[in-house]
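Below is the structure I would like to discuss, written out as structure tokens.
The values are calculated or read from the model by the stated rules, or taken from the named source; none is laboratory data. This structure is a prediction, so every number in the text was calculated from the model and none was measured. Cβ placement follows ideal geometry from the backbone for every residue including glycine, while neighbour counts extend to all protein chains displayed. We work out accessible area using only protein heavy atoms, side chains counted, and drop any ligands, DNA or RNA first. Shrake-Rupley method; radii C 1.70, N 1.55, O 1.52, S 1.80 Å.
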Amino acid sequence: AGNDRVMAGTTINCNRAQQAKDTGAAQAPIAVVIGCIDSRAAPEQVFDTRVGDIFSARAAGTLINTDIIGSVEFATKVAGAKAIVVLGHSSCGAIKGAIDKVELGNITALLKNFAPAIAAAGAVSGPHDSHNDALVQKVADANVRLVAEDLLKRSAIIKEMVDAKQIRI
């Protein structure tokens with residue numbers, strides 16, 4: 001519903017200072033969002049949420065590692081979030097860099113994480129580079145699916161909670 005409000009230009013959750021004051025003593029977010037660091041894809045704004053509504057774990061391109069999985073386990077098992085949202089987005093720079101095989105400092109290792117999504121995306125007509133918008137989107141979509149699957153493979157806690165219908169991905 002929040003994303004629908006954003007798309008319609010009718011957001012309602014804009015008083016961040018008051019919300020921070022209201023939630024200063026405790027938190028009980030309803031969801032944890034795993035997303036990209038992209039400044040255009042801030043989960044709190046994408047879903048028009050209030051301060052305290054969601055946990056947010058972000059890394060370039062939307063990926064998980066042990067630290068993020070542990071954070072998601074905390075958000076769900078300990079803090080009680082009922083949903084895990086794996087949020088990809090269009091025109092992702094990390095996905096574009098991975099498709100183009102960019103090599104630059106630590107970015108090189110980061111971008112290698114997207115090789116399975118590139119392989120899973122399959123064939124797309126046009127050039128196999130970041131200028132092919134259909135390819136970039138197909139890889140981003142594949143990455144979201146793979147991250148969701150990987151959460152279940154790498155976390156017995158999350159899998160148990162999903163199987164017991166205590167949380168949803």
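For the chain, with all protein chains present and a 1.4 Å probe, just round the carbon and sulfur fraction of the accessible area to a whole percent.
55
On C-alpha positions alone, give me the angle between the axis of helix 133-154 and the longest principal axis of the chain, in degrees, nearest 10.
Approximately 60 degrees, to the nearest ten.
Considering only C-alpha atoms, what is the centroid distance from the range 44-77 to the range 135-169, in Å?
Spelled out, the Cα-based centre of one part sits 13 Å from the other.
Turning to a different aspect of this structure: Once you place label points 7 Å from the Cα toward the Cβ at D163 and A119, how far apart are they in nm?
Distance between the two pseudo-spin positions: 2.6 nm.
Pairs of Cα atoms under 8 Å, at least six residues apart: use those to get the relative contact order of the chain, whole percent.
RCO, the chain: 22 percent.
Please give the length that would be gained between D133 and Q27 if that part of the chain were fully extended, namely 0.36 nm times their separation in residues minus their C-alpha to C-alpha distance (nm, one decimal).
34.2 nm
Under 5 Å between amide H atoms, partner at least 5 residues away or on a different chain: which partners does V85 have, H built in plane at 1.01 Å?
Placed amide hydrogens put V32, V33, I34 under 5 Å from V85.
Cut-off 10 angstrom, C-alpha nodes, Gaussian network model of the chain. Which of V33, V86, V102 fluctuates the most?
Answer for the Gaussian network model of the chain: V102.
Right, something else. Considering only protein heavy atoms, what per residue accessible area in square angstrom results for the chain with a 1.4 angstrom probe?
So the chain comes to 56 Å² accessible per residue, rounded to a whole number.
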